[in-house]
Amino acid sequence: MTSAPFRFSRVRSLLLALPIILAACGKAGAPTNADIQQVVQNYMQNVNERTSDRTLGLIDGPYDPADLNVTNSDCTAHDNDVYHCTVTAVSKKGTHTAQLNLKKVNGSWTLVES
């Protein structure tokens, strides 16, 4: 049988570790290449849908989200949980580097204005 002081010590240790565990599961950390790729592909798809709406569905949008591959990113944390990221991506049109700002909102990464 476990003594009461030992059980209290284990519970106290767990309670002290809980904020660290929750931070690791929540907002902590910069977006990964895969996170950034998903955000950019979603953005491209939204642009395609708006373009298609304006052309009565007669032509496709100008972007192929499946063609995009984020190969490198370097993100730095700034105010309000926004990450400024230098992102390099490869597509059929070549390799391009851009500055993107991302923030995790309701558990999902999203592009934000600078």
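Any idea which residue in the stretch 69-90 is surrounded by the most Cβ atoms within 10 Å (Cβ to Cβ), counting only those that are under 15 Å from ALA34 (Cα atoms) and free of Cβ contacts under 8 Å to residues at least 40 places away in the same chain?
VAL70
Being within 15 Å of the chain's Cα centre (by Cα), loosely packed, with under 12 Cβ neighbours inside 10 Å and assigned to a strand (DSSP E or B) is the filter here; which residues of the stretch 97-114 pass it?
Across the stretch 97-114, the qualifying residues are GLN99, VAL105, SER108.
With GLY57, GLY94, GLY61 as the choices, which residue is more than 20 Å from the chain's Cα centre (by Cα) and modelled with pLDDT of 85 or more?
Values: GLY57 fails: modelled with pLDDT of 85 or more; GLY61 fails: modelled with pLDDT of 85 or more.
Of GLY57, GLY94, GLY61, the one residue that is more than 20 Å from the chain's Cα centre (by Cα) and modelled with pLDDT of 85 or more is GLY94.
The values are calculated or read from the model by the stated rules, or taken from the named source; none is laboratory data. Predicted model only: the values in this text are computed from it and were never measured. Neighbour counts are summed over all protein chains in view; Cβ atoms, including those assigned to glycine, are modelled from backbone coordinates with ideal geometry.
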